[in-house]
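To keep things clear, I will list the structure first and then write my remarks on it.
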Amino acid sequence: MASLEDIIDDIEKFSEVSFSRSSGPGGQNVNKVNTSVQLSMDIERFTCLTVAETERLRNKLSSRINIDGQLFVRAQQQRSQLKNRQFALNRMAELVLDSIKKTKSRKKTRASKAAQEKRLHEKKRRADIKKLRKLPE
């Protein structure tokens, strides 16, 4: 499995960075300085990921990946371009690392007989309480 440092190295080498004006409040700084950062990277260019990990990445982050296979992250929280760039880089690395982790499969279990009876008893008790709230006809 790839480490965070390996993923960050790949992103720094192969990603494309574009800058634009941020939205929202911020006064003149927002209106005149390109501080918003959009980081994009072709997911096939990750050299530290195996084929299975790349496929897992493609499945889990499908909403962030376009038709060309580009993964996008945008950052505009900070007032400086440099801080937003670093934030976007770290965010993309965390997304990739989280998405390549294998999820444990759930083991099917059944409620015990006592647990089933307890649940049904509680449902019956609640129904009786609600029935007592009604006015007699």
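The values are calculated or read from the model by the stated rules, or taken from the named source; none is laboratory data. No experiment lies behind these values; they were computed from the predicted model shown. Note that each Cβ is placed from the backbone with ideal geometry, even for glycine, and that neighbours are counted across all protein chains shown.
Values as computed for the structure displayed
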read-out: Boolean, Arg85 is surrounded by 17 or more Cβ atoms within 10 Å (Cβ to Cβ), at pLDDT 85 or above and over 16 Å from the mean Cα position of the chain (by Cα); value: yes
read-out: Tally, over segment 37-58, of residues that are among the small types (Gly, Ala, Ser) and surrounded by fewer than 14 Cβ atoms within 10 Å (Cβ to Cβ); value: 1
read-out: Any pair with Cβ under 7 angstrom, 6 or more apart, that starts in segment 59-70 at a residue that is surrounded by 10 or more Cβ atoms within 10 Å (Cβ to Cβ) and ends at one that is of a type in the set (Lys, Arg); value: Ile65/Arg58
read-out: Filter result (of a type outside the set (Asp, Glu) and closer than 15 Å to Glu94 by Cα) within segment 32-57; value: Leu39, Ser40, Met41, Ile43, Phe46, Cys48, Leu49, Thr54, Arg56, Leu57
read-out: Any hit, segment 100-113, residues being on the phi < 0 side of the Ramachandran plot and surrounded by 11 or more Cβ atoms within 10 Å (Cβ to Cβ); value: yes
read-out: Boolean, Glu44 is among the acidic types (Asp, Glu), outside any loop (DSSP other than H, G, I, E, B), under 15 Å from Asp9 (Cα atoms) and in contact with a helix residue (DSSP H, G or I) (Cβ under 9 Å, 6 or more places away or on another chain); value: yes
read-out: Subset of segment 102-117 [free of Cβ contacts under 8 Å to residues at least 40 places away in the same chain and within 38 Å of the chain's Cα centre (by Cα)]; value: Thr103, Lys104, Ser105, Arg106, Lys107, Lys108, Thr109, Arg110, Ala111, Ser112, Ala115, Gln116
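This table checks each residue for (1) closer than 28 Å to Arg79 by Cα; (2) in contact with a Leu (Cβ under 8 Å, 6 or more places away or on another chain); (3) at pLDDT below 80; (4) assigned to a loop (DSSP other than H, G, I, E, B).
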site: Met1; (1), (2), (3), (4): no, no, yes, yes
site: Glu12; (1), (2), (3), (4): yes, yes, no, no
site: Gly24; (1), (2), (3), (4): yes, no, yes, yes
site: Asn29; (1), (2), (3), (4): yes, no, yes, no
site: Leu39; (1), (2), (3), (4): yes, yes, no, no
